[in-house]
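So the structure is just underneath, and the comments pick up after that.
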Amino acid sequence: MYRSLSLAAFAAALAFPDSAASAEDAPAEAAAGGAAAPDEILVTGQRPEYGARSTRSATRTDTDIRSVPQAITVISESQIEDQALRSIADVLTYVPGATPGTGESNRDQISLRGNNTTADFFLDGIRDDAQYFRDLYNADRIEVLRGPNAMIFGRGGGGGVVNRVTKRASGRDYREFALSGDTEGGWRLTGDVDQTLGTGLGLRVNAVYENGESFRRGVELERYGLNPTLGATLGDTRLDLAYEYFHDRRTTDRGVPAFGDGPLEGHDEIFFGDPDQSFADVDVHHGGLAVEHDFGGGLTLRNRTQFSDYDKFYQNIYPADLNEAAGTVSLSAYNDISLRQNLISQTDMVWRGRTGMIGHTLLVGFEVGRQETVNRRLNGFFQPADSGSLSVPLAAPTIDADLIFRPVNANAGRTPASYNETEAKVAAFYVQDQIAVSQAIEIVAGLRFDRFEIDAANLNNGARFGRVDDLLSPRLGLIVRPVPQLSLYASYSRSYLPSAGDQFTSLDLTGEALKPERFDNYEIGAKWEPIEGLLASVALYQLDRTNTRAPGATPGTVVLTGAQRSRGLEIGLERHLSNRWQISAGYALQEAEISRTTSAAPAGRQVPLVPRHQFSLWNRYDFDRSLGIGLGIVARSKMFAAISNQVTLPAYARLDAALFYEVAPGVEAQVNIENLLGSDYFATAHNDNNIAPGAPRTARATVRFTF
């Protein structure tokens, strides 16, 4: 099952040219057997080493990770499989400076360098900003870029972005199927079929079905997805046509409330509310075409156009407050429907060449896009009292609710609590040059201009609002290599968040008059390869968020005088220590606070979900070609659950382990145990009364077939 793989052998194995091997880097393809050389990595099937050696996402050009003046963590397919990771939240647990939130149990929601977001997600470099839970079944790798960089990604991304790089046809025949089950009763089936259809033509199909259970009573999950991609090379042109359908239905579990200044203990398995009437249901369609043409002479033209359609409904009954004296919990409810369609196209022209003694990688490009959104929210009223809240005993908080969903009061007729339609348009132009002054000095300089236009209609009263923002986003980085294995860098970058927010589902009279929030990131760092194949990185940053809303001197008015500051140190270690030992590790020392009073909090308040210390470590060691083990630890210090700073989530540490065994050629058995020592902890939160208990000891067994 294990095969040795060197980069040279890998490149030679592909039927497609190097630039066509995958959405970012070519997926690893095994060479013929034989003993592994000292600089070769033992891999299973198509799986490459942990991390990555180059990326296109950070600069929109194929760039060595060591030449990117920005902190970046890459979680490869091999690490995803080894750790049995299944969600963006799972991945971010191993990224320094990143904290997953609960997202009200209906969406991915994360904090990067103290900045919370539900929208800074990208699919092969294209905005994928609707609110839903993403799966990893078709991921070649997950790239987490920290710090704002609107020069590359456009608006938003104040704390960074998460980019999913999907698999595509590689030009080799390959099959992989995996079946797994866990001790909670859940099971999952995935398939990956890569098939050549002729010279320069290939089809790749990834699929998943999962039926999940939870240690939380009444919490269930069903999701499935299908992602066929067709790849073709026509002379110097590569085309990739892709489609994905993904469905996710799950119980929306908002967790447990606070008791005093900490989470409620002893109720880790108890559902607060009605699990049968708390659910999220989403259908997602992605269709995309990527074209890349090599003109020769270092000149390449790329275009990627993607259409996405999102249809989502969710409803939840959740704990809103806990009355300690009375021993009761107050429940509230609402439902929400969101429909969105995105059409986005990016075109890049890249030239690699020299002017005299100076090397250039020059990027010139533009992006156009349109996003249409309809959002409606209804409030829940408990019957027969027709009340917007319901108090239930703390001893029995799981109920069978009789609910009617309608507006805030009965006199409002059929008018939803909120009902909005928005259309956002973007037109952007950007230019960047990676200037190689010498072998030891490189400058990365870029500038992007965005025109972001939003038109919003309140479908309740017919009011219409609109705003146009012209955004200028610079990027500047200096890279110095005192020795070939070490890169030192300093960088500055900027991004903006328009007043309609990251989901731009509504706009009102106040928001129409407000300029965007601004994010400025100052960073110094180093990337070092102490031994061949091992990458160590360190970043020291200050991230300022300004133009934030704050109360005006006149009651009811808003001014843009609020500010937030994040500072931190991030350390990363990834790839491999030897041909048998792969590693992924990270540490963050960080703080984020309100530096000038905002509408949300006074100056001095700490930003939630930002632990002072954060640590993660995962190792895989293979004793031989048949037997391997994995061992990891996740730990963090205490952190606040919400901006109120009234509830603290305690510090915790969790130990994970895995065992890998080759049953027969092409058949591998794998067992992962999460929380091996059974730590009792609270992983994250959405607010003071929606806190997620950590899972107890859980085992997951997987059988993987490759041929």
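In the stretch 407-428, which residues are open to solvent by less than 40 Å² (accessible area, probe 1.4 Å), among the aliphatic types (A, V, I, L, M) and at pLDDT below 90? Break it down stepwise before answering.
Of the stretch 407-428, the ones open to solvent by less than 40 Å² (accessible area, probe 1.4 Å) are 407, 412, 416, 418, 420, 422, 424, 426, 428.
Now narrow it down to the ones that are among the aliphatic types (A, V, I, L, M): 412, 424, 426, 428.
Within the stretch 407-428, A412 is the sole residue that qualifies.
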Response to the item:
Reported set for the stretch 156-173 where residues are closer than 23 Å to Q195 by Cβ and hydrophobic (A, V, I, L, M, F, W, C) is V165, A169
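Pick from G556, G533: which is of a type in the set (G, A, S) and open to solvent by 20 Å² or more (accessible area, probe 1.4 Å)?
Numbers: G533 fails: open to solvent by 20 Å² or more (accessible area, probe 1.4 Å).
On inspection, the qualifying residue turns out to be G556.
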Worksheet item: Is one or more of the residues making up the stretch 385-406 open to solvent by 20 Å² or more (accessible area, probe 1.4 Å), aromatic (F, W, Y) and within 23 Å of E512 (Cα to Cα)?
Response: no
Worksheet item: Looking only at strands (runs of 3 or more DSSP E) that fall completely inside the stretch 573-688, which ones have 2 or more residues that are open to solvent by 40 Å² or more (accessible area, probe 1.4 Å), modelled with pLDDT of 95 or more and of a type in the set (D, E)?
Response: 581-596
Worksheet, complete the sentence: Apart from one, (1) surrounded by 16 or more Cβ atoms within 10 Å (Cβ to Cβ); (2) over 28 Å from the mean Cα position of the chain (by Cα); (3) not hydrophobic (A, V, I, L, M, F, W, C) all hold for Y334; the odd one out is (2)
Worksheet item: Is one or more of the residues making up the stretch 267-279 assigned to a strand (DSSP E or B), without any contact (Cβ under 8 Å) to a residue 40 or more places away in the chain and out of contact with any Leu (no Cβ under 9 Å at 6 or more places or on another chain)?
Response: yes
Worksheet item: Can you name the number of the only condition in (1) assigned to a loop (DSSP other than H, G, I, E, B); (2) touching a residue at least 60 places away in the same chain (Cβ under 8 Å); (3) surrounded by fewer than 18 Cβ atoms within 10 Å (Cβ to Cβ) that L179 fails?
Response: (1)
Discussion item. Pairs please, first residue from the stretch 622-649 and over 28 Å from T684 (Cα atoms), second anywhere and of a type in the set (G, A, S), Cβ atoms under 7 Å, 6+ apart in sequence or on different chains.
Written reply: D622/G628; I629/A658
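For the structure I just gave you, tell me whether R475 is open to solvent by 30 Å² or more (accessible area, probe 1.4 Å) and part of a strand (DSSP E or B).
Details: open to solvent by 30 Å² or more (accessible area, probe 1.4 Å): no; part of a strand (DSSP E or B): yes.
Spelling it out, it is not the case that R475 is open to solvent by 30 Å² or more (accessible area, probe 1.4 Å) and part of a strand (DSSP E or B).
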Practice prompt. Can you confirm whether the stretch 350-359 contains a residue that is over 20 Å from A58 (Cβ atoms), open to solvent by less than 60 Å² (accessible area, probe 1.4 Å) and touching a helix residue (DSSP H, G or I) at 6+ places or on another chain (Cβ under 9 Å)?
Written response: no
Practice prompt. Give the number of residues within the stretch 196-244 that are free of Cβ contacts under 8 Å to residues at least 24 places away in the same chain and either open to solvent by less than 30 Å² (accessible area, probe 1.4 Å) or touching a strand residue (DSSP E or B) at 6+ places or on another chain (Cβ under 7 Å) (or both).
Written response: 4
Discussion item. Can you tell me how many residues within the stretch 155-168 are small (G, A, S) and at pLDDT 95 or above?
Written reply: 2
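So if I check each of R86, R107, R113, which one is in contact (Cβ under 8 Å) with a residue 24 or more places away in the chain, open to solvent by 20 Å² or more (accessible area, probe 1.4 Å) and out of contact with any helix residue (DSSP H, G or I) (no Cβ under 8 Å at 6 or more places or on another chain)? It would help to see each step written out before you state the result.
Details: R107 fails: open to solvent by 20 Å² or more (accessible area, probe 1.4 Å); R113 fails: open to solvent by 20 Å² or more (accessible area, probe 1.4 Å).
None of the others qualify; the one that does is R86.
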Worksheet item: For the stretch 286-331, what are the residues that are open to solvent by less than 20 Å² (accessible area, probe 1.4 Å) and of a type in the set (G, A, S)?
Response: G288, A290, S308
Fill in: Pair list, Cβ under 8 Å, 6 or more apart: the stretch 298-325 residue at positive phi, other residue open to solvent by less than 50 Å² (accessible area, probe 1.4 Å) and in a strand (DSSP E or B)
G298/G353
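Looking only at the stretch 245-259, decide whether some residue is basic (K, R) and open to solvent by less than 40 Å² (accessible area, probe 1.4 Å). Even if it seems obvious, please write down each step before you answer.
Kept after step one, since they are basic (K, R), are these residues of the stretch 245-259: 249-250, 254.
Adding the requirement that they be open to solvent by less than 40 Å² (accessible area, probe 1.4 Å) leaves 254.
Looking through the stretch 245-259, at least one residue is basic (K, R) and open to solvent by less than 40 Å² (accessible area, probe 1.4 Å).
The values are calculated or read from the model by the stated rules, or taken from the named source; none is laboratory data. Keep in mind it's a predicted model, so treat the numbers as computed, not measured. Cβ sites come from the backbone with ideal geometry, for glycine too, and all protein chains shown count toward neighbours. We work out accessible area using only protein heavy atoms, side chains counted, and drop any ligands, DNA or RNA first. Shrake-Rupley method; radii C 1.70, N 1.55, O 1.52, S 1.80 Å.
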